[in-house]
Amino acid sequence: AFQVLVTTPVVGNKALETTLRGLSRTKPCPPLLGKLLLMAVKQQPNLGQFVCNEVMPALVANEIWSEKERWKGFLLLAKSYAVEKPPHCLGVLLTLPYKQLRDVTKIAPAAKEPLTNYVKRHAQNAEMAGLSKESKKLLGL
């Protein structure tokens, strides 16, 4: 069913975005949201920035890490989008608490350099000012 949902031209990007936005704000997170997100961005790469800008921040706001199975799906998304070039989710990842940011760097060690570079480029932003000492140390700052 997900395959049909993300590949059929009948369901446009706007409808899919609206659905994903709504599901990402639901608490507890729907069990299959991670699978749907991964399929959606694989089939429709143009959804990547939407997922990074809209869906992932909502999942962080809902403390997705408290739902172990859903957290695994989030980490897979993070691994895909923890890169220098858009679409990327670096700003969102830097809002994670230290322990969760450490999880990201464990599953995606290559994310550490882009995260560090992002902090250096955006050091004056309010979100970077809130980065914990532990997180800064994790990133070598």
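Using a 10 angstrom cutoff on alpha carbons, build the Gaussian network for the chain and name the most mobile of Ala108, Ala58, Ala15.
Looking only at Ala108, Ala58, Ala15, the largest GNM fluctuation is found for Ala15.
If you stretched the chain out fully between Lys72 and Ala110, how much longer would it get, using 0.36 nm times the residue separation minus the C-alpha to C-alpha distance?
Working: separation 38, 0.36 × 38 = 13.68 nm, distance 1.75 nm.
Answer, rounded to one decimal: 11.9 nm.
Would you work out what percent of the accessible area of the chain, with all protein chains in place, is carbon or sulfur (probe 1.4 Å)? Write out the running numbers ahead of the final one.
Details: 4350 of 7640 Å².
Accessible surface attributable to carbon and sulfur in the chain totals 57 percent.
Return the ratio Rg/(2.2 N^0.38 Å) for the chain, where Rg is computed over Cα atoms only. Present the calculation step by step, with values, prior to reporting the outcome.
On the way: Rg = 15.1 Å, N = 141, 2.2 N^0.38 = 14.4 Å.
Relative to the 2.2 N^0.38 Å estimate, the chain comes out at 1.05.
Going down the table (Lys68/Lys106; Lys27/Lys106; Lys27/Lys137; Lys72/Lys137), which pairs top 21 Å between alpha carbons? List each step's numbers first, then the result.
Numbers: Lys68/Lys106 16 Å; Lys27/Lys106 26 Å; Lys27/Lys137 32 Å; Lys72/Lys137 24 Å.
Pairs exceeding the cut-off: Lys27/Lys106; Lys27/Lys137; Lys72/Lys137.
Please determine, in degrees from 0 to 90 and to the nearest 10, the orientation of helix 33-43 with respect to the longest principal axis defined by the Cα atoms of the chain, where the helix direction is its Cα long axis.
It works out to around 80 degrees.
What residue among Arg121, Arg25, Arg102 has the largest mean-square fluctuation in a Gaussian network model of the chain, using Cα springs under 10 Å?
So, out of Arg121, Arg25, Arg102, the one fluctuating most is Arg121.
The values are calculated or read from the model by the stated rules, or taken from the named source; none is laboratory data. Computed from a prediction, not measured in an experiment: that's the story for all the values here. Areas reflect the complete protein model, heavy atoms only, side chains present, ligands, DNA and RNA absent. Shrake-Rupley method; radii C 1.70, N 1.55, O 1.52, S 1.80 Å.
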